[in-house]
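The next block holds one structure in the form of structure tokens; read it before the comments.
The values are calculated or read from the model by the stated rules, or taken from the named source; none is laboratory data. Quantities reported herein were computed from a predicted structural model and do not represent experimental measurements. All Cβ positions, even for glycine, are placed from backbone atoms using ideal geometry, and neighbour counts span all protein chains on display.
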Amino acid sequence: MASVLYRWQNAAKARAHTLLRRWFSQETRADLKKWQGQARKRVTRFLPLIHGTYSAKEVIADLKNHIPQHFEILMVHSAFDRMQPMYQGTALDLLKELVEYCGKERTLAMPAFMLGGRLYDKATYFGSHNFDVKRTPSEMGMLSELFRRWPGVVRSLHPTHSICAVGPLAEELTAGHETAPTRTGYGTPFDFMNRRRTIIVGLGVEYFRCLTHMLTAIDMMDTDYPVPLRRNPISAVIIDSQGNQHNYNVIIPEGEKSPNNTLLRSLLNGNELKEWKFHGTAMFATQANIVTERLMEAARRGVTVYGTVALPNSAGSHP
């Protein structure tokens with residue numbers, strides 16, 4: 001009953017999140033996020049009294065209870081600041097536990113995106129910055145940046161949607177991202193994760209705030225996607241691991257309005273998209289290929305994150 005109630009609460013938060021994205025500019029949303037963070041800091045000292053505290057080992061033990069254990073890849077999204085102050089360890093403690101959990105037989109992956117700074121202005125950012133696969137930091141939080149620097153981690157060569165990974169499939173997962181025609185579609189690490197047993201989890205963050213795999217259906221369908229999207233290229237320079245520079249055009253499809261990520265909850269059942277709280281910390285888990293398949297199936301019916309659209313009779317026959 002508690003998990004059902006939490007899903008309802010998350011659905012309401014997701015709708016509010018979508019409305020804020022549609023009503024307010026990125027600059028205004030950034031200011032609101034800063035204000036929210038400051039307000040949270042004022043009450044943080046009381047949160048452990050309400051929710052209790054936990055260690056890195058305890059949160060990984062809880063994660064094990066919610067996900068299948070036969071996975072090949074664990075893709076981790078995180079918001080370390082939202083885990084505190086209930087979480088009592090360091091980001092390094094948590095990373096060590098994740099690496100140990102995956103062991104030598106499984107691959108750990110995290111996003112290492114560079115989306116253009118506080119205002120997500122990619123054109124301005126790449127107008128004055130190169131993407132250096134070895135040096136460009138991740139904008140995906142403290143845990144992600146720490147993982148980027150972890151010994152043995154490899155990073156895919158893409159200016160906005162790079163993936164870092166360590167483990168037996170890390171090289172295959174990250175290879176060739178720069179040659180793929182899209183950021184998350186065919187030939188990218190996201191495609192690779194779809195073809196392997198990949199569990200995606202969120203630590204300290206809800207699915208609708210971070211689940212990048214929701215973009216994969218859009219990129220895989222490309223021009224067959226039933227909503228017209230702008231695909232204006234952004235010029236960037238990428239520097240590979242040998243120091244060689246390459247010119248690159250970043251393609252970020254954009255709709256007339258912000259996507260409604262609440263759609264995913266209606267397409268996946270409670271076992272396919274698990275949402276729960278651990279000592280007041282938001283958590284989620286799902287499977288990569290299921291997210292993509294369900295969103296593509298829905299899009300072929302005219303049901304998209306940008307709204308429902310009428311299709312011509314032949315639209316349902318797309319492969």
*asked:* Being of a type outside the set (Ser, Thr, Tyr), farther than 30 Å from residue 296 by Cβ and over 18 Å from the mean Cα position of the chain (by Cα) is the requirement here; does residue 89 meet it?
replied: yes
*Filter region 257-292 down to residues that are within 24 Å of residue 222 (Cα to Cα) and free of Cβ contacts under 8 Å to residues at least 60 places away in the same chain, then give me how many there are.*
6
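Here is a yes/no grid of residues against (1) modelled with pLDDT under 95; (2) assigned to a strand (DSSP E or B); (3) among the aliphatic types (A, V, I, L, M); (4) out of contact with any Asp or Glu (no Cβ under 9 Å at 6 or more places or on another chain):
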residue	(1), (2), (3), (4)
256	yes, no, no, yes
270	yes, no, no, yes
286	no, yes, no, no
295	no, no, yes, yes
_Against the conditions (1) over 30 Å from residue 277 (Cβ atoms); (2) at pLDDT below 95, where does residue 136 fall short? Just the number, please._
(2)
_Report every pair of residues separated by at least 6 positions or lying on different chains whose Cβ atoms are under 7 Å apart, first residue within region 227-238 and within 30 Å of residue 307 (Cβ to Cβ) and surrounded by 15 or more Cβ atoms within 10 Å (Cβ to Cβ), second of a type in the set (Ser, Thr, Tyr) and modelled with pLDDT of 95 or more._
227/304
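Would you mind stating whether residue 184 is buried (at least 20 other Cβ atoms within 10 Å of the Cβ), within 24 Å of residue 61 (Cα to Cα) and either among the polar types (S, T, N, Q) or touching a Gly at 6+ places or on another chain (Cβ under 6 Å) (or both)?
no
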_Looking at 216, 179, can you tell me which residue is over 25 Å from residue 97 (Cβ atoms), at pLDDT 95 or above and crowded, with 23+ Cβ neighbours inside 10 Å?_
216
*Only one of 160, 124 is of a type in the set (Ser, Thr, Tyr) and at pLDDT 95 or above; which?*
160
*asked:* Quick test for you: out of 114, 110, pick the one residue that is assigned to a loop (DSSP other than H, G, I, E, B) and buried (at least 16 other Cβ atoms within 10 Å of the Cβ).
replied: 114
*asked:* Please go through (1) in contact with a helix residue (DSSP H, G or I) (Cβ under 6 Å, 6 or more places away or on another chain); (2) surrounded by fewer than 19 Cβ atoms within 10 Å (Cβ to Cβ); (3) not small (Gly, Ala, Ser) for residue 94 and return the number of the only condition it doesn't satisfy.
replied: (2)
*Does residue 205 qualify as being of a type in the set (A, V, I, L, M, F, W, C) and either buried (at least 17 other Cβ atoms within 10 Å of the Cβ) or assigned to a helix (DSSP H, G or I) (or both)?*
yes
_Failed criterion for residue 224 (all others in (1) of a type outside the set (S, T, N, Q); (2) under 18 Å from residue 190 (Cβ atoms); (3) out of contact with any His (no Cβ under 9 Å at 6 or more places or on another chain) hold)_ = (3)
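Could you please let me know if residue 235 is farther than 29 Å from residue 59 by Cα, of a type in the set (Gly, Ala, Ser) and assigned to a loop (DSSP other than H, G, I, E, B)?
Spelling it out, it is not the case that residue 235 is farther than 29 Å from residue 59 by Cα, of a type in the set (Gly, Ala, Ser) and assigned to a loop (DSSP other than H, G, I, E, B).
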*asked:* Please verify whether residue 124 is under 20 Å from residue 233 (Cβ atoms) and of a type in the set (Ser, Thr, Tyr), treating the condition exactly as stated.
replied: yes
*Considering only region 135-167, state which residues are within 11 Å of residue 95 (Cβ to Cβ) and among the polar types (S, T, N, Q).*
144
_Residue that is surrounded by the fewest Cβ atoms within 10 Å (Cβ to Cβ), among those in region 153-167 that are touching an Asp or Glu at 6+ places or on another chain (Cβ under 7 Å) and touching a residue at least 40 places away in the same chain (Cβ under 8 Å)_ = 157
*Give the residue, chosen from 145, 105, 172, that is acidic (Asp, Glu) and touching a Ser or Thr at 6+ places or on another chain (Cβ under 7 Å).*
145
